[in-house]
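Visitor: Input: one structure, supplied below.
FYI, it's all coordinate maths here, none of it is from the lab. Remember, predicted model here, so these are calculated numbers, not experimental data. In this analysis, Cβ positions are derived from the backbone assuming ideal geometry, glycine residues included, and neighbour counts consider all displayed protein chains.
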Amino acid sequence: MKNGLLVWLAFILLIAIVLIDWYVPLGTAVGVLYLFVIVLVSRERKRVILLFSVLAILLTALNPILLATSETPVNVYLNRSLSIAVIVMTSIYAIYKSNLEDQSEEMRQHLDQSASYNTAVLDSVSAHIAVLNEDGEIISTNRAWNEFGKKSGLPDLKGISVGTNYFKVLKKAEEAGDNTAGQTLKGMLEVKAKTSELYEWEYPCHRESENKWFVMKVSRLKGFDDHLVAVHEDITSRVLAERSLQAREETWRQMLRNLPGYVYRCQNDEKWNAFFVSEGFARVTGYDPDNVDEENHFPLGDLIHRDYIDYIWKQSQDALNSGDVFRLEYPIATKTGEIRWIWERGQGVYSDDGQVQYIEGFISDITERKRSEEYIRKRLSMEKLHVRVSEAAVGYEDVAKVLNSILKDLGSTLEVSRAYIFKHNHSNDTLDNTLEWCADEIEPQIQNLQEVPASVFSVWTKPLSEGKIVCEHNAANVTNPVIKEMLLEQEIKAILLVPLFVSGEFYGFVGFEDCVEARNWDREDIEMLKSIALTISNLIERRQAEKSLIQERARLDNIIKSNNLGTWEWNLQTDEVIYNERWAEIVGYSPEQLELDCINTWRQLMHPEDEVKSDDILQQHIDGKIPFYECEVRMKHKDGRWVWVLDKGKIMTYTLDGKPEWIYGTHTEITASKLAEQEIKNQNIELEKRNTELDRFVYSTSHDLRAPLTSLLGLIMIAESNVREEDSELREIFKMMEKSVRRLDGFIGDILDYSRNIRQDVECELIDFEELVQEQEEGLKHFNNLVDHKVNVSVKCSGDFYSDKRRIRVILNNLISNAVKYLDPDKDESVVNVEIQTDDQLARITIEDNGIGIKEEHHEKIFDMFYRATAVSDGSGIGLYITKESIEKLGGSVHLESTPGYGTRFLVKLPNLKHKYKGVG
Amino acid sequence: MMYSKVMLIDDNDLDQFVNSTLLKKSGIVANTKGFVSAKEALDYLLTIEDEFPDLILLDIKMPEMSGFEFLDRFAEIPDSKRAGCRVYMLSSSNDLVDMQKASENPHVCGYINKPLDPRTIKNILCPKTNGK
């Protein structure tokens, strides 16, 4: 509006000047003024306006000249018209322009608003933005720039804001050694010089607390080419993201590189032309993966082992057609021609219409694994071999057959030429090749190797007998000349000998030879063979033991047969039983007629009464109360009679939990002896009865004999008491009568003693010798006409003495009464010494007198029955006989010393029968 | 007099005479009464009310009723009646069975082997300590 008015005023002034045609200089001045106004009001299209204005001034200035040169009014008018036209046109344009600007005024207001909007936008941008003028002075910044300067805290940056010359700042920083600043300055100047459109510089700015990255972008300000816009931005997050992406990429690349194989991508053609392989390709195949790309294909199929191509093609195509993953293992040839085993996992990448576009997959080198597998397979076959050997060893087949099969197995598994066993004969120190196995086309040697003196192989037999193995890997490398010659002579390339020990003694060895080529005997193989050798040793040992067992068994069988023993074996836990033939024969059956494996066979044949007894005894044995089961039982014979059987047995095995298991026993037929025994028993009973009868007879006879004697004695006593004192002759007669009767009575008593001694058993009881001797002293008083005498008694007892009281009484009675009876009336003093000493072992009874004595010739005979040594005797001649018999019955002895005229000494030794005493207190 | 009334039971009248005479001669016995049969002796003992014998000498082997059989029946006589009566077996038997039997019988005070002589009478029938 303002400009338009000005133009209009200038236009009216110019028109007025032209119209009045006032003065040229004035017109020129006005024209210049006009021009100035135009230029003032209109910055746009100033060239056009300037042109027109200059033209108008020129015309105005030319006006007087034209006027001067031609006075024609036409010219004047023309001139004037022209000037006016120019002015009008210029004015019209200026007015138009002015109007245009008036119209833009509102727009400009809008734009102003828009500018502040833009400023706000710029202020809200996180990038730091500054506008530099052509000198490098900062003329405008956004808020981020300012705040960055403040926030950064760096004194250098703080002052960098509007008004600062950024070029100088940078220059200064560059001189201080800041490379970034130098770069930035350089870039800015390049942009400013328009040698480049955009300068962009990313640089790190690391501080203690954090790592930061920035980018500086410099470009010319659009529309203000001499101005530069610097955009500075924090790109830390972007950089970090990029970095992690890079790291991830690197990792992935690394992984691919480190894969034990490679990743590929190939076409599904017959050669499997690959257009990508990962780095591992070189390691696996030896070819360079970098030479493989979209243009340069690598035919993977050429690597595959010829034998596998068809198989792999079929497998892969089948998988691809069904959309499956295929997994394959096959050998390939590397660049150097080495065979390697690989494992492949591949799958198709399909187009939308289901066609295979290409194959992607991974290939891994499994050569090592294959080798391990091969190794394991070999070990496994060795293990299996060992198992077979062990199995064969526990079988019951002929030992030679088993060993032959073992040798064959070993030889073929180890792929040797020859496998054999040598036996060492201890008697003559030779070696026999007992068994041999040869591979095809290998000549057997067994015939040539019999009774070979061990000394020939002493280099081997010596270490072998010490339990060492002999192992030569290569005959050519053997240092010992003896061994080398021996090997070469037999064309052996490699040999392995393992010793065999049976029952701890060197038995021989098992050997393996390779006549084809040298070989490295595998350490594990050797260990395995050692173990197999042990098995073979055990086998031989066991077979030897079995052999002797069989012999022993045969011996036992013979013993059983020759003794006619029935045998039985009974498992108490399962009632499993085994009887032998004789067992059945005893009861009259053939083995087929009886169930010889059934416990009930036994129970049914046994006498029911004996079954209880047998079970009871067996239970006692089971309970461990008795060491054997032994029982006499009756069994029903086939023909109906009862057969007596001595049944003996013993538990021989126990179950793991300690229960009795197998009991083994025998049956002996004892019917005959049992019957004989019965016969004896019956006879004994009969005899017993007769004895008792005899006893009764003896007693009643003695009673009947004694009865009249005692009556007679009584009568004599009465008669005697009635005899007057002075009638001494009659008194003497009565005395003699009494003596005679008493002698007869004594004889009857002796016979009774004799009878008792013979038949009655020894009854043990505690003996009181003092009492017994005293009893005898009492008894002596019955003798009326005895020599005056003195009896000295000495009893020394040490501990209790046991014997048969009655017999000791008989012994003492006879010996003491004899001593008293045969005293010497001519001696001044007659003495009888009774001395008794007892201890744990025996009693010594000494009865000594100084009587008439016994002549030596009678010494042996006085103990005989009815022998009387002296006429002085009025005895029956049976007393000493009974004495001797009684002493012998008691297990004792009697010794006599006597000298006629001096005296007699009886020494009786009786054993202490303490051990037989089953006393009742 | 130690014994006022003695009963002698013996089938042998000769022995009865001897024993009776010896006892009387010994001076320890006032009256003796002899029986040749144990049964009669028993019947007698069963019938009498008082004057029960204070000593009985009993033979073993006798017809009809033996000495031991007599003792069995004797045991049936009430205690009160036979209290103070001592019974001795007097026999010529040396049979150990008889001796054993006699010693086991609670009514028997002792076993005397015939013949009965003055020493035996003194020692056994007249023990210093009078009584068992």
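Visitor: Roughly how crowded by other chains is peptide B:86-93, in terms of the mean Cβ count from those chains within 10 Å of each of its Cβ atoms?
Guide: Counting other chains' Cβ atoms within 10 Å and averaging over B:86-93 gives 3.
Visitor: Also, quick follow-up: If a/c stays under 1.5 just call it rounded; otherwise compare a/b with b/c (prolate if a/b is bigger, oblate if not). Do that for chain B, with a ≥ b ≥ c from the square roots of the Cα gyration tensor eigenvalues.
Guide: Rounded, because the longest to shortest axis ratio a/c is under 1.5.
Visitor: Between region A:275-345 and region A:646-670, how far is it from one alpha carbon centroid to the other, in angstrom?
Guide: First find each Cα centre; the distance between them is then 76 Å.
Visitor: First check a/c for region A:699-850, with a ≥ b ≥ c the square roots of the eigenvalues of its C-alpha gyration tensor; if it is under 1.5, answer rounded, and if not, answer prolate when a/b is larger than b/c or oblate otherwise.
Guide: Oblate, since a/c reaches 1.5 and b/c is not below a/b.
Visitor: Report Rg (one decimal) and Dmax (nearest whole number) for region B:74-122, counting Cα atoms only, units Å.
Guide: 12.4, 33
Visitor: Quick check: the distance between the Cα centres of region A:563-634 and region A:681-745, to the nearest angstrom?
Guide: Rounded to whole Å, the Cα centres lie 64 Å apart.
Visitor: Sort A:LEU185, A:LEU198 so the one with the fewest other Cβ atoms within 10 Å of its own Cβ comes first.
Guide: Neighbour counts put them in this order, fewest first: A:LEU198, A:LEU185.
Visitor: In percent, how large is the relative contact order of region A:761-916, given Cα pairs closer than 8 Å and 6 or more residues apart?
Guide: 26 percent
Visitor: Another question about this same structure. What are the extents of the Cα atoms of region A:170-327 along their three principal axes, in Å, largest first?
Guide: 77, 40, 31
Visitor: Same structure, new question: Take the cross-link list A:LYS735/A:LYS889; A:LYS735/B:LYS101; A:LYS739/A:LYS909; A:LYS909/B:LYS101; A:LYS150/A:LYS217 and give me the ones stretching past 31 Å between alpha-carbons.
Guide: Violating the 31 Å Cα-Cα cut-off are A:LYS735/A:LYS889; A:LYS735/B:LYS101; A:LYS739/A:LYS909; A:LYS909/B:LYS101.
Visitor: Looking at region A:438-523, which GluC sites (Glu not before Pro) are in a loop (DSSP not H, G, I, E or B) and have at most 14 other Cβ atoms within 10 Å?
Guide: Counting only loop positions with at most 14 other Cβ atoms within 10 Å, the GluC sites (Glu not before Pro) in region A:438-523 are A:GLU441, A:GLU451, A:GLU466, A:GLU491, A:GLU517.
Visitor: Let me ask you something else. Just tell me how shielded A:562-574 is by partners: mean number of partner chain Cβ atoms within 10 Å of each residue's Cβ, no decimals.
Guide: Average neighbour count from other chains, rounded to a whole number: 0.
Visitor: Right, next: Take the Cα pairs of region A:373-548, get the Kirkwood Rh, then feed it into Stokes-Einstein at 37 °C and 0.692 mPa s and tell me D in µm²/s.
Guide: Estimated via Stokes-Einstein, D reaches 200 µm²/s.
Visitor: Another one. Of the chymotrypsin sites (Phe, Trp or Tyr not before Pro) in region A:386-476, which ones lie in a loop per DSSP and count no more than 11 other C-beta atoms within 10 Å?
Guide: A:TYR396
Visitor: Shape verdict for region A:260-365, please, from the Cα gyration tensor: rounded (a/c under 1.5), prolate (a/b greater than b/c) or oblate.
Guide: Oblate shape, in that a/c is at least 1.5 and b/c is the bigger or equal ratio.
Visitor: Could you tell me the convex hull volume per residue, in Å³, taken over the Cα atoms of region A:580-643?
Guide: Dividing the Cα hull volume of region A:580-643 by its residue count gives 89 Å³.
Visitor: Expressed as a rounded percentage, what relative contact order does chain A have, with Cα pairs under 8 Å and six or more residues apart?
Guide: So the answer I get is 4 percent.
Visitor: Mind checking region A:752-855 for trypsin sites (Lys or Arg not before Pro) that DSSP puts in a loop (not H, G, I, E or B) and that have at most 10 other Cβ atoms within 10 Å?
Guide: Here the sparse-neighbourhood loop sites are A:LYS781.
Visitor: On to the next question. For A:GLN254 and A:ARG306, compute 0.36 nm times the residue count separating them, minus their Cα-Cα distance, and round to one decimal in nm.
Guide: Contour length minus Cα-Cα distance gives 15.4 nm.
Visitor: Counting helices only, and only those DSSP H runs with n ≥ 4, report the 222 nm mean residue ellipticity of the protein assembly as shown as the sum of -39,500 (n - 2.57) divided by its residues, in deg cm²/dmol to the nearest 500.
Guide: -15500 deg cm²/dmol
Visitor: Can you give me the Cα centroid spacing of region B:67-85 and region A:495-529 in angstrom?
Guide: 109 Å
Visitor: Provide A:VAL452, A:VAL231 in ascending order of the number of other Cβ atoms located within 10 Å of each residue's Cβ, fewest first.
Guide: Going from sparsest to densest Cβ surroundings: A:VAL452, A:VAL231.
Visitor: Let me ask another. Sequence neighbours fewer than 8 away in the same chain don't count; with that in mind, list the lysines whose C-alpha is under 22 Å from B:LYS5.
Guide: B:LYS24, B:LYS25, B:LYS33, B:LYS39, B:LYS81, B:LYS114, B:LYS122, B:LYS128, B:LYS132
Visitor: Could you tell me how many cubic angstrom of Cα convex hull volume region A:449-597 has per residue?
Guide: Each residue corresponds to 202 Å³ of Cα convex hull volume.
Visitor: When N is the residue count of region A:761-916, what does its C-alpha Rg come to as a fraction of 2.2 N^0.38 Å?
Guide: Region A:761-916 yields a ratio of 1.00.
Visitor: Apply the Debye scattering formula to region A:663-715, with a single equal point scatterer on each alpha-carbon and no solvent, then give log10 I(q)/I(0) at q = 0.20, 0.30 Å⁻¹.
Guide: -0.79, -1.01
Visitor: Of all the Cα-Cα pairs you can form in chain A, what percent are over 41 Å apart?
Guide: When all Cα pairs of chain A are counted, 78 percent exceed 41 Å.
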